[in-house]
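> Sharing a structure here in C-alpha coordinates format.
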Amino acid sequence: MDVGQLQRQFIDYTASLFREMKKEWRGFLDDQFTQLRKLQDENNPDFVFEVVSLFFVDSEKLVNNMAKALEQSTVEFKQVDAHVHQFKGSSSSIGAHRVKNVCAAFRSFCEQQNIDGSAGGSIPMVE
Amino acid sequence: MEKMGFGNVTSTSKTMKIIDTEKKISVLIVEDDLLIQKIHKVMMTKFGTEVQLATNGKEAVDLFLSGASFDLVLTDLEMPIMDGIEATKQLRSMGVTSMIVGVTSRNQDSEIQAFMNAGLNACYVKPLNAEKVTVVLNELKNI
(Lines give C-alpha, C1' and ligand atoms only; values in the text may rest on other atoms or scores of the structure.)
Protein backbone atom coordinates (compact mmCIF):
# COMPACT_ATOMS: atom_id res chain seq x y z
CA MET A 1 0.00 0.00 0.00
CA ASP A 2 1.51 3.36 -0.98
CA VAL A 3 1.57 6.54 1.08
CA GLY A 4 -1.26 8.09 -0.94
CA GLN A 5 -3.56 5.14 -0.22
CA LEU A 6 -2.66 5.26 3.45
CA GLN A 7 -3.43 8.97 3.57
CA ARG A 8 -6.79 8.44 1.89
CA GLN A 9 -7.63 5.62 4.29
CA PHE A 10 -6.69 7.82 7.21
CA ILE A 11 -8.90 10.67 5.95
CA ASP A 12 -11.83 8.27 5.39
CA TYR A 13 -11.35 6.76 8.81
CA THR A 14 -11.27 10.10 10.66
CA ALA A 15 -14.33 11.27 8.69
CA SER A 16 -16.29 8.16 9.68
CA LEU A 17 -15.09 8.49 13.28
CA PHE A 18 -16.32 12.07 13.36
CA ARG A 19 -19.69 11.00 11.94
CA GLU A 20 -20.05 8.38 14.69
CA MET A 21 -19.04 10.90 17.37
CA LYS A 22 -21.63 13.34 16.03
CA LYS A 23 -24.34 10.70 16.43
CA GLU A 24 -23.29 10.14 20.05
CA TRP A 25 -22.98 13.85 20.81
CA ARG A 26 -26.43 14.68 19.50
CA GLY A 27 -27.96 13.18 22.61
CA PHE A 28 -25.73 15.21 24.89
CA LEU A 29 -24.96 18.41 23.02
CA ASP A 30 -27.56 20.73 21.58
CA ASP A 31 -27.51 23.38 18.85
CA GLN A 32 -25.34 25.65 20.98
CA PHE A 33 -22.41 23.28 20.37
CA THR A 34 -23.04 23.47 16.63
CA GLN A 35 -22.83 27.26 16.92
CA LEU A 36 -19.53 26.96 18.77
CA ARG A 37 -18.12 24.69 16.06
CA LYS A 38 -18.93 27.39 13.50
CA LEU A 39 -16.76 29.83 15.46
CA GLN A 40 -13.65 27.75 14.76
CA ASP A 41 -11.68 29.14 11.83
CA GLU A 42 -8.13 30.03 10.80
CA ASN A 43 -8.08 32.79 13.44
CA ASN A 44 -9.18 30.33 16.14
CA PRO A 45 -8.07 26.93 14.82
CA ASP A 46 -8.26 25.16 18.19
CA PHE A 47 -11.35 26.92 19.52
CA VAL A 48 -13.52 23.83 20.03
CA PHE A 49 -10.71 21.91 21.73
CA GLU A 50 -9.90 24.88 24.00
CA VAL A 51 -13.53 25.43 24.95
CA VAL A 52 -14.20 21.74 25.65
CA SER A 53 -10.98 21.51 27.69
CA LEU A 54 -11.95 24.59 29.73
CA PHE A 55 -15.37 23.08 30.32
CA PHE A 56 -13.88 19.83 31.64
CA VAL A 57 -11.49 21.73 33.94
CA ASP A 58 -14.35 23.94 35.18
CA SER A 59 -16.66 20.96 35.65
CA GLU A 60 -14.12 18.99 37.67
CA LYS A 61 -13.51 21.97 39.95
CA LEU A 62 -17.23 22.66 40.39
CA VAL A 63 -18.17 19.05 41.09
CA ASN A 64 -15.33 18.81 43.65
CA ASN A 65 -16.51 22.03 45.30
CA MET A 66 -20.08 20.76 45.37
CA ALA A 67 -18.97 17.45 46.87
CA LYS A 68 -16.98 19.24 49.61
CA ALA A 69 -19.92 21.50 50.40
CA LEU A 70 -22.27 18.52 50.60
CA GLU A 71 -19.90 16.64 52.92
CA GLN A 72 -20.09 19.30 55.63
CA SER A 73 -21.92 18.32 58.79
CA THR A 74 -24.23 21.26 58.24
CA VAL A 75 -24.72 21.66 54.50
CA GLU A 76 -24.80 25.23 53.28
CA PHE A 77 -27.23 24.78 50.42
CA LYS A 78 -26.72 28.36 49.30
CA GLN A 79 -23.06 27.53 48.70
CA VAL A 80 -23.96 24.36 46.82
CA ASP A 81 -26.51 26.37 44.83
CA ALA A 82 -23.84 28.90 43.84
CA HIS A 83 -21.64 26.12 42.43
CA VAL A 84 -24.57 24.52 40.61
CA HIS A 85 -25.56 27.90 39.18
CA GLN A 86 -22.08 28.35 37.73
CA PHE A 87 -22.12 24.81 36.36
CA LYS A 88 -25.50 25.46 34.75
CA GLY A 89 -24.16 28.60 33.07
CA SER A 90 -21.07 26.96 31.61
CA SER A 91 -22.88 23.79 30.54
CA SER A 92 -25.58 25.75 28.72
CA SER A 93 -22.94 27.92 27.00
CA ILE A 94 -21.19 24.85 25.59
CA GLY A 95 -24.43 23.08 24.66
CA ALA A 96 -24.35 20.36 27.31
CA HIS A 97 -28.11 20.55 27.74
CA ARG A 98 -28.47 17.36 29.78
CA VAL A 99 -26.01 18.68 32.35
CA LYS A 100 -27.84 22.02 32.34
CA ASN A 101 -31.18 20.29 32.99
CA VAL A 102 -29.78 18.27 35.88
CA CYS A 103 -28.35 21.49 37.36
CA ALA A 104 -31.75 23.17 37.09
CA ALA A 105 -33.39 20.26 38.94
CA PHE A 106 -30.61 20.23 41.51
CA ARG A 107 -31.02 23.95 42.12
CA SER A 108 -34.70 23.49 42.88
CA PHE A 109 -33.71 20.81 45.37
CA CYS A 110 -31.15 23.14 47.01
CA GLU A 111 -33.67 25.97 47.23
CA GLN A 112 -36.16 23.66 48.89
CA GLN A 113 -33.57 22.32 51.32
CA ASN A 114 -32.57 25.85 52.26
CA ILE A 115 -36.20 26.74 52.95
CA ASP A 116 -36.87 23.54 54.89
CA GLY A 117 -33.58 23.77 56.78
CA SER A 118 -33.24 19.99 56.63
CA ALA A 119 -30.98 17.62 54.73
CA GLY A 120 -33.64 15.03 54.13
CA GLY A 121 -34.83 13.73 50.79
CA SER A 122 -32.81 12.37 47.88
CA ILE A 123 -30.40 14.38 45.77
CA PRO A 124 -30.86 14.10 41.97
CA MET A 125 -28.20 11.87 40.44
CA VAL A 126 -25.52 13.75 38.54
CA GLU A 127 -23.71 11.49 36.07
CA MET B 1 -38.44 34.58 30.73
CA GLU B 2 -35.95 34.34 27.84
CA LYS B 3 -35.36 38.01 27.24
CA MET B 4 -36.52 41.51 27.82
CA GLY B 5 -36.47 43.37 24.58
CA PHE B 6 -35.50 46.81 23.48
CA GLY B 7 -38.95 48.29 24.10
CA ASN B 8 -38.33 48.48 27.82
CA VAL B 9 -35.68 51.19 28.12
CA THR B 10 -35.36 53.24 31.27
CA SER B 11 -35.32 57.02 31.24
CA THR B 12 -31.60 57.09 31.99
CA SER B 13 -30.77 55.11 28.86
CA LYS B 14 -33.04 56.72 26.29
CA THR B 15 -30.33 58.99 24.92
CA MET B 16 -27.92 56.93 22.84
CA LYS B 17 -24.68 58.18 21.42
CA ILE B 18 -24.34 58.33 17.68
CA ILE B 19 -22.27 55.46 16.37
CA ASP B 20 -19.83 56.01 13.55
CA THR B 21 -20.83 53.28 11.13
CA GLU B 22 -17.42 53.24 9.45
CA LYS B 23 -15.48 52.02 12.47
CA LYS B 24 -15.89 48.71 14.24
CA ILE B 25 -18.43 48.45 17.01
CA SER B 26 -16.59 48.33 20.34
CA VAL B 27 -17.82 45.84 22.89
CA LEU B 28 -16.95 45.40 26.55
CA ILE B 29 -17.66 41.88 27.82
CA VAL B 30 -18.06 41.79 31.59
CA GLU B 31 -17.88 38.17 32.73
CA ASP B 32 -15.98 36.32 35.46
CA ASP B 33 -16.25 32.78 34.04
CA LEU B 34 -13.26 32.16 31.74
CA LEU B 35 -15.10 29.63 29.58
CA ILE B 36 -18.00 31.99 28.90
CA GLN B 37 -15.59 34.91 28.43
CA LYS B 38 -13.82 32.96 25.71
CA ILE B 39 -17.04 31.93 23.95
CA HIS B 40 -18.53 35.43 24.02
CA LYS B 41 -15.27 37.06 22.93
CA VAL B 42 -14.84 34.81 19.90
CA MET B 43 -18.52 35.11 19.02
CA MET B 44 -18.50 38.90 19.13
CA THR B 45 -15.19 39.10 17.25
CA LYS B 46 -16.65 36.85 14.56
CA PHE B 47 -19.43 39.41 14.14
CA GLY B 48 -16.75 42.01 13.36
CA THR B 49 -16.72 43.88 16.65
CA GLU B 50 -13.71 45.05 18.66
CA VAL B 51 -13.79 43.26 22.02
CA GLN B 52 -12.34 44.09 25.42
CA LEU B 53 -12.80 42.01 28.56
CA ALA B 54 -13.51 42.82 32.21
CA THR B 55 -13.73 40.08 34.80
CA ASN B 56 -16.17 41.82 37.13
CA GLY B 57 -18.35 44.90 37.47
CA LYS B 58 -15.67 46.98 39.19
CA GLU B 59 -13.21 46.44 36.34
CA ALA B 60 -15.90 47.60 33.93
CA VAL B 61 -16.66 50.74 35.94
CA ASP B 62 -12.93 51.48 36.31
CA LEU B 63 -12.48 51.22 32.54
CA PHE B 64 -15.15 53.85 31.96
CA LEU B 65 -13.71 56.01 34.78
CA SER B 66 -10.31 55.87 33.06
CA GLY B 67 -11.87 57.38 29.95
CA ALA B 68 -12.59 54.26 27.90
CA SER B 69 -15.84 54.13 26.00
CA PHE B 70 -17.70 51.32 24.28
CA ASP B 71 -20.68 51.14 21.96
CA LEU B 72 -21.97 48.03 23.71
CA VAL B 73 -21.51 46.47 27.13
CA LEU B 74 -22.45 42.79 27.55
CA THR B 75 -22.58 42.03 31.23
CA ASP B 76 -23.13 38.98 33.38
CA LEU B 77 -25.18 39.39 36.55
CA GLU B 78 -23.35 37.35 39.17
CA MET B 79 -19.70 38.29 39.51
CA PRO B 80 -17.35 38.73 42.46
CA ILE B 81 -16.41 42.18 43.85
CA MET B 82 -19.17 43.98 41.95
CA ASP B 83 -22.13 42.28 40.27
CA GLY B 84 -23.91 43.26 37.07
CA ILE B 85 -26.73 45.14 38.77
CA GLU B 86 -24.40 47.36 40.80
CA ALA B 87 -22.08 47.92 37.82
CA THR B 88 -25.00 48.89 35.56
CA LYS B 89 -26.38 51.31 38.18
CA GLN B 90 -22.98 52.92 38.59
CA LEU B 91 -22.40 53.24 34.85
CA ARG B 92 -25.79 54.90 34.35
CA SER B 93 -25.26 57.25 37.28
CA MET B 94 -21.90 58.20 35.72
CA GLY B 95 -23.82 59.22 32.61
CA VAL B 96 -22.78 56.26 30.45
CA THR B 97 -25.17 56.05 27.51
CA SER B 98 -23.69 52.96 25.84
CA MET B 99 -26.07 50.13 25.13
CA ILE B 100 -25.86 47.78 28.12
CA VAL B 101 -27.18 44.26 27.61
CA GLY B 102 -27.38 41.73 30.42
CA VAL B 103 -26.52 38.07 29.74
CA THR B 104 -27.35 35.89 32.70
CA SER B 105 -28.01 32.31 33.77
CA ARG B 106 -30.87 33.58 35.93
CA ASN B 107 -34.23 32.97 34.31
CA GLN B 108 -36.79 34.00 36.93
CA ASP B 109 -38.92 37.00 35.87
CA SER B 110 -38.21 38.84 39.12
CA GLU B 111 -34.43 38.38 38.76
CA ILE B 112 -34.41 39.58 35.16
CA GLN B 113 -36.67 42.53 36.02
CA ALA B 114 -34.32 43.55 38.84
CA PHE B 115 -31.41 43.45 36.40
CA MET B 116 -33.38 45.48 33.83
CA ASN B 117 -34.32 48.03 36.48
CA ALA B 118 -30.62 48.75 37.05
CA GLY B 119 -30.57 50.40 33.63
CA LEU B 120 -30.17 47.69 31.00
CA ASN B 121 -31.40 48.12 27.44
CA ALA B 122 -32.15 44.40 27.21
CA CYS B 123 -31.46 41.17 29.03
CA TYR B 124 -30.90 37.69 27.65
CA VAL B 125 -30.69 34.30 29.33
CA LYS B 126 -27.45 32.43 28.59
CA PRO B 127 -26.29 31.08 26.26
CA LEU B 128 -25.49 33.95 23.94
CA ASN B 129 -25.89 32.72 20.38
CA ALA B 130 -25.75 34.06 16.85
CA GLU B 131 -29.46 34.91 16.80
CA LYS B 132 -29.30 37.02 19.97
CA VAL B 133 -26.11 38.77 18.87
CA THR B 134 -27.69 39.64 15.52
CA VAL B 135 -30.69 41.24 17.25
CA VAL B 136 -28.45 43.26 19.58
CA LEU B 137 -26.15 44.50 16.82
CA ASN B 138 -29.10 45.41 14.58
CA GLU B 139 -30.59 47.45 17.41
CA LEU B 140 -27.23 49.17 17.90
CA LYS B 141 -26.94 50.03 14.21
CA ASN B 142 -30.50 51.35 14.07
CA ILE B 143 -30.19 53.95 16.83
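The values are calculated or read from the model by the stated rules, or taken from the named source; none is laboratory data. All values derive from a computational prediction rather than experimental measurement. Quick reminder, even Gly has a Cβ in these numbers, built from the backbone with ideal geometry, and neighbours come from all protein chains shown. Just so you know, the surface numbers come from the protein's heavy atoms only, side chains and all, with ligands and any DNA or RNA stripped out. Shrake-Rupley method; radii C 1.70, N 1.55, O 1.52, S 1.80 Å.
> Leaving out ligands, DNA and RNA, calculate the buried accessible area for the pair B and A with a 1.4 Å probe, summed over both sides, in Å² to the nearest 100.
Buried area (both sides, nearest 100 Å²): 1700 Å².
> Shifting gears a bit: Please label the shape of the range A:29-86 as rounded, prolate or oblate, based on the square roots a ≥ b ≥ c of the eigenvalues of the alpha-carbon gyration tensor (a/c under 1.5 means rounded; beyond that, a/b larger than b/c means prolate, else oblate).
In terms of gyration-tensor shape, prolate.
> For A:Asn43 and A:Gln72 in the same chain, what is the full-extension length gain: residue separation times 0.36 nm, less their Cα-Cα distance, in nm?
Once the chain is fully extended between A:Asn43 and A:Gln72, it gains 5.9 nm.
> Calculate, in nm to one decimal, what B:Lys141 and B:Leu65 gain on full extension: separation in residues at 0.36 nm each, minus their alpha carbon distance.
Length difference between fully extended and current span is 24.8 nm.
> Average partner chain C-beta neighbours within 10 Å, per residue of A:87-99? Display every interim value, and only then the final one.
Working: counts 1, 4, 14, 8, 4, 5, 12, 4, 2, 0, 0, 0, 0.
So the per-residue partner count for this stretch is 4.
> If the chain between B:Glu86 and B:Lys24 were fully stretched, how many nm would it gain, using 0.36 nm times the residue separation less the Cα-Cα distance? Show your work: numbers first, answer last.
Working: separation 62, 0.36 × 62 = 22.32 nm, distance 2.79 nm.
Difference between extended and current length: 19.5 nm.
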